[in-house]
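Scroll down for the structure; my scribbles are underneath it.
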Amino acid sequence: MLAYDLFQLIVFPGALFLFCLAFLYEWVDRKFFAKVQNRYGPLYTGTLGLLQPVADFLKLLYKEDLVPKACDRNIFSSVPIVYVVLPLTTLFIIPISGQTGLVAFNGDLIFVMFIFALMTITVFLAGWSSMSRFSIIGSVRSALQMLSYEIPLGLALIGPAIAAKSLSISSIVQWQSANATWGLWLQPIGFGVFFICMLAELELVPFDIPEADTEIVAGWRTEFSGRKLAMFRLGRDLEIVLASALVTSLFLGGAQPLGLIPPVLVFLVKSLFVVIMLSFARALFARFRIDQMIAGMWKYLLPIAILQIILIQLGLGV
Amino acid sequence: MASRWVRSKSPWLIHFNTGGCNGCDIEFVAAITPRFDIERFGIILQGSPRHADILAVTGPVTLQIADRLKRVYEQMPDPKFVVALGACAVSGSPFKDCYSVHGGVDTVIPVDAYVPGCAPKPEAMIYGIAKLIQKMRGGDKNG
């Protein structure tokens, strides 16, 4: 029994599977992004460039690891590890290979919100500890962005919880499959709000203000190189997996068995669809200004999110 | 062996102008457009020297910028490579022995590949970088 638990944690729906998924999704993202721009994208590294994210990761591991003299050495070296561990831990909660997550417990939806806030604080510390002017501007912007998207994100997460009368992601998934419906059909507004907040959380293009490479070099990542940068890239990929897994679980029915098709495959197809939607948004839009982002989040997204909650309470959304 | 393969599959570029006329820069920007699609080879343009493997230099090195060029080169993590793009970067060409010019890029930092031309076409630049990638795979340089 213990051996099977360990196998689950380390190999199949656990760490190894999630790392492979992270690299696969980065490849899908880059390839789709390239297709939208009418080009091929990674092509010669492995079949169709499938090994490109792995090659990037390994190359960064082989590179020299520079630590600037001015930076806060302890925070600077520990932050990249925390940045990988946080999304990985959260992914254990989400049901991937069945209808219950590996470490599902009651109230894990609140835990996910907590982790999202913690990830932004990690980013803030990363920029702050580098002591470079670009990093500090990037990290302050990242904190500012969190103050804007956090509240609509929380409200959008509460929607499915009210409908399923549970704060556990696994039981929200089970509720959707028991009622033979998807959160998307019941709460389309909530889905839209959640999707936009995920774009902001992942710092993808319409909201890539914290790492705007035309303004502030590479934002909060400017001073990181070698192994530390590799960890940040892996963490970002895991975050994309986490975001797509959350959208899938809360709004697209999650890992439902569909006839003879195992739940994992259903889950993979749905989350791939979400990843493609994310990279489509990335390819179509240009970056918002800071004031546009803040005003948009507070003036439009927040009232819309509240409207969705009111609709659910009136019984229209459920 | 694995390190060489991995390095040659994901060379990330950073671009630096050492006081050129902007002609090579326009051609360099043309080389990273979707028409040529150098992401096929895993090449990505990076903003920060800490993230890059290859420093692409255009323009003659003026006396003012020589220190800055050296500093950008020193900020890059090892193993690092340099490409000199255009006649000015190769030898200082028409500005050689000018009162304000230091000379070609190789008078300040070691250069691994030279791409001549005024300005070199995007194809020539990609060819030069491809030659450098071959060199990286062959292990011509220590590191």
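Computed from the coordinates by the stated procedures, all read-outs in this text should not be read as laboratory data. Remember, it's a predicted structure, so these values are computed and weren't measured experimentally. Heads up, the Cβs are rebuilt from the backbone with ideal geometry, glycines too, and the neighbour counts pull from every protein chain shown.
Of everything in region A:224-261 that's of a type in the set (A, V, I, L, M) and outside any helix (DSSP H, G or I), which residue is nearest to the other protein chains (Cβ to nearest Cβ)?
A:L252
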Cβ contacts < 9 Å: first residue free of Cβ contacts under 8 Å to residues at least 40 places away in the same chain and surrounded by 24 or more Cβ atoms within 10 Å (Cβ to Cβ), restricted to region A:229-250; second residue of a type in the set (D, E, K, R) and assigned to a helix (DSSP H, G or I), any location; separation 6+ or different chain. Result? A:T248/A:K270
Output for Cβ contacts, cut-off 9 Å, separation at least six or different chains, first residue more than 8 Å from chain B (Cβ to nearest Cβ) and surrounded by 18 or more Cβ atoms within 10 Å (Cβ to Cβ) in region A:46-73, second part of a helix (DSSP H, G or I) and acidic (D, E), reads A:P53/A:E26; A:P53/A:D237; A:F57/A:D237
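Yes/no matrix, rows are residues, columns are (1) within 22 Å of B:D53 (Cβ to Cβ); (2) aromatic (F, W, Y); (3) in a helix (DSSP H, G or I):
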site	(1), (2), (3)
A:L60	yes, no, yes
A:V67	yes, no, no
A:I75	no, no, yes
A:S78	no, no, yes
A:I81	no, no, yes
A:V84	no, no, yes
A:P87	no, no, yes
A:T90	no, no, yes
A:A218 being surrounded by fewer than 18 Cβ atoms within 10 Å (Cβ to Cβ) and either within 19 Å of A:F92 (Cα to Cα) or in contact (Cβ under 8 Å) with a residue 40 or more places away in the chain (or both): no
Taking region B:48-67 and keeping residues in contact (Cβ under 8 Å) with a residue 12 or more places away in the chain and either among the basic types (K, R) or out of contact with any helix residue (DSSP H, G or I) (no Cβ under 9 Å at 6 or more places or on another chain) (or both) leaves B:R50, B:A52, B:L63, B:Q64, B:I65
Quick check on A:T120: is it surrounded by fewer than 17 Cβ atoms within 10 Å (Cβ to Cβ) and touching a helix residue (DSSP H, G or I) at 6+ places or on another chain (Cβ under 8 Å)? no
Scanning region A:11-30 residue by residue, those farther than 17 Å from A:P87 by Cβ and either outside any helix (DSSP H, G or I) or more than 10 Å from every other protein chain (Cβ to nearest Cβ) (or both) turn out to be A:V11, A:F12, A:W27, A:V28
